[in-house]
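The values are calculated or read from the model by the stated rules, or taken from the named source; none is laboratory data. Because the structure is predicted, anything quoted here is derived from the model rather than measured. Cβ: placed from backbone, ideal geometry, glycine included. Neighbour counts: every protein chain shown. Accessible surface areas use protein heavy atoms only, side chains included; no ligands, DNA or RNA. Shrake-Rupley method; radii C 1.70, N 1.55, O 1.52, S 1.80 Å.
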Amino acid sequence: MKLLIYWAGDWKSMNKIKTFAEVILPLPLRGTFTYLVPDHLEGRIIKGCRVEVQFGRSRFYSGLVHSLHNNEPRDIKIKEIIELIDEQPLVEDFHLKFWEWIANYYACSLGEVMNAALPSAMKLNSRSNLVPGFAIYEEHTDLTDDEFLLWEALQTNGEFSLDAARNILGKKHIAKPLETLLYKGIAELKEELVDKYKPVKQIHLKLKEEFQKDPGKAFKLTEKSEYQTNILLALLQQKDKPVLRSSLLANPEMKDHALKALIKKNIVDSFEKEMSRLKEENKEFEQSFQLSEMQKGAFDKMDTEWKENKVVLLHGVTGSGKTVLYREAIEETLNAGGQVLYLLPEIALTTQVIQRIEKILQAPVHLYHSRENIQKRVEIWNAAGKHIQVVMGARSAVFLPFHNLKLIIVDEEHDSSYKQRDPAPRYNARDAAVYLAHLTDARVVLGTATPSLESLYNAKSGKYGYVQLDERYGDANMPELEVIDIKECKKKKKMKGPFSDYLLEGIKEMWESGQQVILFQNRRGFAPTVQCEVCSWTYECHQCDVSMTYHKRMHEMKCHYCSHTTKIPEECPACGSVRLGFLGFGTEKIEEELELLLPGIKIDRMDSDSTRSKRALEQLLYNFENRKINVLIGTQMITKGLDFDNVGLVGIMNADQILNFPDFRSSERGFQLMTQVSGRAGRGAKKGRVVIQTSNPTHPVIKDVLNFNYKNFYYREIKERGKYHYPPFYRNFNLEIKHKDLNTLWKAARILKNQLSKEFSNRILGPTEPMVPRVRNYFILELMIKVEKEAELLARIKHRLFALLDHLCSLNEYKNLRFKLDVDPY
């Protein structure tokens, strides 16, 4: 009988069905990876939770469980999952569907989507630690000084990180001594999974239970100390609710020494408690904002449109009060118990917009973007799946795991900053938001003064709803626009550096009248080119085929493609001349020239050089809003939705630079940038002015900007797009291939072109060199693919393209080939 029971048990274990997990790893590798669920984790591991796994021989990662199954892979040794990190799913089913759509549409891996979606503190990966080896206590007489120091540290400390090893030696590169220690068996490398998230813990105080029941007993023990009695009274008022130590001691009647005495007497408990970094209420709320009749009509129309289409394009001129309509939609959604995602294209906008929203909205608004510290980003991520109502953020906020998302606002929907360029996934957050809304049954508002051609085309074809606001709110008027022909000004000697006399006079008038000025120049730095005046030699980056930009504040030449920096040469390396001049002008040069022309005027810059930190950006906006700055010079950052009521003049320094860029969207971007920056003027009671400097005042786009004629611009541009097979009629792919050898690169490009053309004929254009044909010593060629909007054809092209690229990279000659596929390049 015992024998039968034994074999029955063994037979059961032999035939037990194994569970396998398909795991997404945050790596640029296509597909998921199969791991065995160990017995002790059976039933606990569920779809959407994170697990610790080993990948390769020594690396450890936190992966995300994509699915579970019982199909055991054949002829492959399957590793077990090491540990479960989350007891509850980090993402739900529909979030994984959203990730899959991003991966399929934008032709990238699920691992790359995971990398973009999760805050960095949630992507645990292994860190190498140095630990004592088998020969740690043996005699070693032939060690160098560096090797001896590390050997001694291992004997003393037992284990430390490679960063600690660098600090011990005071060197950045420690490969040689490390290699010797590993070879001799003195040290070994140990991989450890690192969790970067650190919750906020603060000390709380609470009266012990026996003294809560009998306070008289506590007062007897403290009757000789007034300060101890004060603390007892304060804690008794809170009953059994813990009190924050710092807030208690903020009261001058509460003394630290008295508190320590109460803890020592075991009357008060002191303990650490985990605290949230997120605000629980909005203290900035002032009052409800009254809608104008025009705004009421627009909001009613939005409600009507939402019944037919979940996506509504809100096309309102600059200063028409689109933010107030957003507030109405947010209030309506919150009252129904839904969550709201408010997307902005630029981090620079969040500071001012959140202040505006919080003044007219009772709910707290939480910020989520890359400049927020990683700890806070983790807390917002976790809270999005539970209780927070409104999140405002840049494009990465579209990945937050909302549990009841019912409204998505995409402000400045036309903006190219919504498009992720590098690394993959190269997604457009606006388009991704529309698909996310489809999955969550949420409503979408796409708000802008200058709609993208794709969005307006979708509205006109009935795919989106459409609401228009064609007047500014209140008494504000549209600004007066003027064009200055700088070609004529140069002939008549009416130019002072980059300023026409007319623009300079306008700046002076504004300064004297107490109004402010915004000057727009879409190029940072001092000068884009340094050129020899004798032989015309120009200073180019040694790694890239592009001229280096001079930054005067740092007194260095900088490449804006590879970030290489160097000092400005004292003489021309080609002819030896010391006559080196600057061609063109950036924001730094405009600032310097204006300081010389108008001494005493207060000027500041708003570009990526001057606003690297969150604090610097907030301070700059505060200073301009409080009129501590007379003139603000900036790149396209200043065109995006900023609202200042004292700006009387906007100057566009060089419109030609925007319009003459070699790209099919240059006219659209030019119209949008000029219209948007013009909209910063005259938002208060006084009418604003806009001065556009150009060498081509008859350009059709400039005429449309002058007349605020978006309709004329749209129909002219849409006709061109249809004729030459561009969006919104066709899908465009841009394939960029790179190699350090130019001949190898051209051979690979021609193979790709010939193979793709056999199947897809004239849809393949190129190969051709881009505007900058070499970056970081890699030569670059591009192929453009124009495809009809048919899902099956799009999928077939992507599949064929990846098959060809995989085949090419498997050949020895092309193994170092690099490629980048950009779907819907923007």
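Here are some notes:
- Residues (open to solvent by 10 Å² or more (accessible area, probe 1.4 Å) and in a loop (DSSP other than H, G, I, E, B)) located in the stretch 364-386: 364, 370, 371, 372, 373, 385, 386
- Pairs meeting the criteria (first residue in the stretch 110-121 and touching a residue at least 24 places away in the same chain (Cβ under 8 Å), second residue in a loop (DSSP other than H, G, I, E, B) and among the small types (Gly, Ala, Ser), beta carbons under 7 Å, at least 6 apart or on different chains) are 112/424.
- In summary, residue 818 fulfils each of the numbered conditions (1) open to solvent by 50 Å² or more (accessible area, probe 1.4 Å); (2) closer than 30 Å to residue 457 by Cα; (3) touching a strand residue (DSSP E or B) at 6+ places or on another chain (Cβ under 7 Å) with the single exception of condition (2).
- Subset of the stretch 547-574 (residues that are open to solvent by 80 Å² or more (accessible area, probe 1.4 Å) and touching an Asp or Glu at 6+ places or on another chain (Cβ under 8 Å)): 552, 553, 567
- Checked against the criterion of being touching a helix residue (DSSP H, G or I) at 6+ places or on another chain (Cβ under 7 Å) and over 24 Å from residue 310 (Cα atoms), the candidates 389, 420 yield just one match: 420.
- Scan of the stretch 532-551 for residues that are closer than 28 Å to residue 692 by Cα and touching a Gly at 6+ places or on another chain (Cβ under 8 Å), ordered by number: 549, 550, 551
- Count of the stretch 357-395 residues, restricted to those that are touching a Lys or Arg at 6+ places or on another chain (Cβ under 9 Å), among the polar types (S, T, N, Q) and under 21 Å from residue 326 (Cα atoms), is 0.
- Criterion violated by residue 466 - all others in (1) more than 29 Å from residue 326 (Cβ to Cβ); (2) open to solvent by 30 Å² or more (accessible area, probe 1.4 Å); (3) assigned to a strand (DSSP E or B) satisfied: (1)
- Search result, residues across the stretch 779-792 that are at pLDDT 90 or above and either among the hydrophobic types (A, V, I, L, M, F, W, C) or surrounded by fewer than 19 Cβ atoms within 10 Å (Cβ to Cβ) (or both): 779, 780, 781, 783, 784, 785, 786, 787, 788
- Matching residues in the stretch 309-338 - criterion: being of a type in the set (S, T, N, Q), over 26 Å from the mean Cα position of the chain (by Cα) and assigned to a loop (DSSP other than H, G, I, E, B): 309, 320
- Count of the stretch 82-112 residues which are part of a helix (DSSP H, G or I) and within 18 Å of residue 385 (Cβ to Cβ): 7
- Test: residue in the stretch 390-411 that is assigned to a helix (DSSP H, G or I), charged (D, E, K, R), open to solvent by 10 Å² or more (accessible area, probe 1.4 Å) and at pLDDT 80 or above: yes
- The lone exception for residue 201 - which of (1) open to solvent by less than 90 Å² (accessible area, probe 1.4 Å); (2) in contact with an Asp or Glu (Cβ under 9 Å, 6 or more places away or on another chain) it fails: (1)
- Taken together, the criteria exclude residue 305 from residues that are under 30 Å from residue 331 (Cβ atoms), loosely packed, with under 12 Cβ neighbours inside 10 Å and modelled with pLDDT of 80 or more.
- Under the condition of being open to solvent by less than 70 Å² (accessible area, probe 1.4 Å) and out of contact with any Asp or Glu (no Cβ under 6 Å at 6 or more places or on another chain), the residues counted in the stretch 215-237 number 13.
- Those helices (runs of 4 or more DSSP H) lying entirely in the stretch 219-275 with at least 3 residues aromatic (Phe, Trp, Tyr) and more than 17 Å from residue 209 (Cα to Cα): none
- For the stretch 669-687, the set of residues classified as touching a helix residue (DSSP H, G or I) at 6+ places or on another chain (Cβ under 8 Å) and either of a type in the set (Lys, Arg) or open to solvent by less than 10 Å² (accessible area, probe 1.4 Å) (or both) consists of 669, 670, 671, 674, 676, 677, 678, 680, listed by residue number.
- Residue list for the stretch 688-705, filter: part of a helix (DSSP H, G or I) and either open to solvent by 50 Å² or more (accessible area, probe 1.4 Å) or over 22 Å from residue 486 (Cβ atoms) (or both): 700, 703
- Where a residue in the stretch 714-736 is assigned to a strand (DSSP E or B) and its partner, wherever it lies, is open to solvent by 30 Å² or more (accessible area, probe 1.4 Å) and not acidic (Asp, Glu), with Cβ under 7 Å and at least six apart: 730/789; 731/789; 732/726; 732/784; 734/784; 735/819; 736/819; 736/820
The rows are residues; the columns are (1) open to solvent by less than 40 Å² (accessible area, probe 1.4 Å); (2) over 30 Å from residue 694 (Cβ atoms); (3) in a loop (DSSP other than H, G, I, E, B).
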{"residue": "435", "(1), (2), (3)": "no, yes, no"}
{"residue": "455", "(1), (2), (3)": "yes, no, no"}
{"residue": "477", "(1), (2), (3)": "no, no, yes"}
{"residue": "493", "(1), (2), (3)": "no, no, yes"}
{"residue": "503", "(1), (2), (3)": "yes, no, no"}
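- Residue list for the stretch 38-76, filter: farther than 19 Å from residue 16 by Cβ, part of a loop (DSSP other than H, G, I, E, B) and more than 25 Å from the chain's Cα centre (by Cα): 46, 47, 56, 57, 58, 75, 76
For (1) charged (D, E, K, R); (2) buried (at least 16 other Cβ atoms within 10 Å of the Cβ); (3) in a helix (DSSP H, G or I), each residue gets a yes or a no:
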| site | (1), (2), (3) |
| --- | --- |
| 576 | no, no, no |
| 585 | no, yes, no |
| 593 | yes, yes, yes |
| 596 | no, no, yes |
| 623 | no, no, yes |
| 628 | yes, no, no |
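- Of all residues in the stretch 598-621, exactly one satisfies the criterion of being assigned to a loop (DSSP other than H, G, I, E, B), of a type in the set (Lys, Arg) and either exposed (fewer than 14 other Cβ atoms within 10 Å of the Cβ) or in contact with a helix residue (DSSP H, G or I) (Cβ under 6 Å, 6 or more places away or on another chain) (or both), namely 612.
- Scanning the stretch 505-527 for residues that are closer than 20 Å to residue 607 by Cα and open to solvent by 20 Å² or more (accessible area, probe 1.4 Å) gives 522, 523, 524.
- Options 444, 534; residue that is touching a residue at least 24 places away in the same chain (Cβ under 8 Å) and either in contact with a helix residue (DSSP H, G or I) (Cβ under 6 Å, 6 or more places away or on another chain) or buried (at least 20 other Cβ atoms within 10 Å of the Cβ) (or both): 444
- Condition met for residue 361 (touching a strand residue (DSSP E or B) at 6+ places or on another chain (Cβ under 6 Å), in contact (Cβ under 8 Å) with a residue 12 or more places away in the chain and either buried (at least 22 other Cβ atoms within 10 Å of the Cβ) or closer than 17 Å to residue 621 by Cα (or both)): no
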